[in-house]
Each structure stands twice: as C-alpha cells, then as structure tokens.
Amino acid sequence: MKCFKQILAVSTILWTSIASGQQAFEDKLQDWIPPNQSDYSGVYELGQQERQAFLRVISTPNYKVFQLKTNFQYKVGGPRDIRFNTYSNPTIDEQGNVNFGGHEGKFVKYCDFFGDTIYTIKFKPAITDFSPLDELGKRKNLESSYKGKFIQASTIELTVSDLTGLTPKELQIMRNEIFARYGYTFKEGGEMARYFNNQYWYKPERTEVIELLTELEKSNIQLIQNEEASR
C-alpha cells in the first residue's frame, strides 16, 4: 500500500509538471492575423514518422482549400498508405478562425527558443487521432507537398497569361499532372501512362480521383482545357 501511494504521488507530480508545461506553452501562443489571408497558404504538419499527416491550406481571392493528406506506414519497412480528404466549403474569418468538415481551429504563432517566429494552426480537439486533446501543425511551404513540373496547377489560380507560353504538349502534361498527383492510373500504353511512369514520384493506384480534386484544381483544369481547345 505504501508503495502504491508513492507511485500515485510521483504520477501526480509528473502530470502536474506536464500540465504546467503545456499551459506555459499555451501562454506563448499569439493570434496570427496577416495583412492577406493568402499568407496562410502552406502545408501544416500534424503527424510524424510512421503516421504522417499534412493539412494543405490554400487561400486565393476566389478559393479556400483545406485538404488533409495522410501517409501511414503500418509496419516497419512496409508500404505507405496515402489518402486524401478534400473538405467542402471551408472558411477563414478575419480573426484567423477556421471551420471545415466539422473541425474548428485557429491560426496562431509563437517564438521558439532561437527567437524565430513559428506559424501554426491549432485544433482543439485534434482533427487526427494522434492526440486525444489538441494538436498544433507547423507551416511549411506548399511546394514541399506537391510533385511534378507544374505544381502551380494545384496551388494557385491560373490565368490565361500563365498558359500562353506553354506548348500543347506542356498543357496536356500540366492538366494530367493534377490527376497523376492523386495516383490516377492512365490508360495502359497511352502517351500519359508512358510519360508519368517515368516520373519517380508517380504511383498509379486509383482509377477514379474526381472526388479528391479541389475546387481550385477543377477550375484550373477547365482553364487549361479551354486553352488546349483554342490552339
């Protein structure tokens, strides 16, 4: 009984210490309200190692994109299971509060040990199962989450001027690259299959990806198709 009481006392001290440390960190968090909401655009890391999760956030004048990409490895040395969840009608208000797919969060920032400002998004409760309480995702550049020659087709609102200097073949690749990034399986032996099978990052694993596309990507696909038709 005496031993049990000692264990309980130590556990209480440890929990109090952890809680105090968590509160001290919470006190360091500040609202992050930039001049333009486009500054929120980035990839926010929510997981690590075998259970990676990346929240892609893109804010343009006409589109808000919130897309969760999970990259799980269920056993050491095993293949990774990559999935996408594209949320409909996400919102960001003037105070940096976000709402999408039933999740609520807030853009916040803090200064780290070296004095650098770290930009993050905080969710409480967590949007993944990595944390029972809340989670904080650090922002990285969008480019770190996309592969291919024309990643801008997934990350910005394209205009006609962005396409005028491209050849018909480049337009075709740009458009199909959007599908390839989701693992779309092109027709065997076809031109696009031959091209993407030579790209180190391409992994054909889906026959349908339309439901995964963001509204921004759908708009860019239509614009590219219009330009292709006009040539």
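The values are calculated or read from the model by the stated rules, or taken from the named source; none is laboratory data. Just so you know, these numbers come straight off a predicted model, no measurement behind them. Cβ placement follows ideal geometry from the backbone for every residue including glycine, while neighbour counts extend to all protein chains displayed. In case anyone asks, the SASA skips ligands and DNA or RNA and just uses the protein heavy atoms, side chains included. Shrake-Rupley method; radii C 1.70, N 1.55, O 1.52, S 1.80 Å.
Here are a few things to note about the model shown:
- Any hit, the stretch 99-108, residues being surrounded by 10 or more Cβ atoms within 10 Å (Cβ to Cβ) and within 22 Å of Ile210 (Cα to Cα): yes
- Just one of (1) on the phi > 0 side of the Ramachandran plot; (2) within 23 Å of the chain's Cα centre (by Cα); (3) of a type outside the set (A, V, I, L, M) fails for Thr207. It is (1).
- Matching residues in the stretch 90-111 - criterion: being more than 16 Å from Phe54 (Cα to Cα), without any contact (Cβ under 8 Å) to a residue 24 or more places away in the chain and in contact with a Lys or Arg (Cβ under 9 Å, 6 or more places away or on another chain): Asn97, Glu104
- Test: residue in the stretch 172-180 that is outside any loop (DSSP other than H, G, I, E, B) and at pLDDT below 95: no
- Among residues that are part of a loop (DSSP other than H, G, I, E, B), surrounded by fewer than 13 Cβ atoms within 10 Å (Cβ to Cβ) and either at negative phi or touching a helix residue (DSSP H, G or I) at 6+ places or on another chain (Cβ under 6 Å) (or both), Gly165 is included.
- Which numbered condition Leu142 fails, given (1) over 13 Å from the mean Cα position of the chain (by Cα); (2) modelled with pLDDT under 95; (3) open to solvent by less than 60 Å² (accessible area, probe 1.4 Å): (1)
- Scope the stretch 91-110; condition modelled with pLDDT of 95 or more and small (Gly, Ala, Ser); matching residues: Gly96, Gly105
- One residue stands out in the stretch 184-229 among those that are hydroxyl-bearing (Ser, Thr, Tyr) and either in a loop (DSSP other than H, G, I, E, B) or over 16 Å from Met174 (Cα atoms) (or both): the one that is most open to solvent (accessible area, probe 1.4 Å), namely Tyr200.
- Criterion: open to solvent by 20 Å² or more (accessible area, probe 1.4 Å) and within 17 Å of Thr60 (Cβ to Cβ) - qualifying residue of Ile178, Ile151: Ile151
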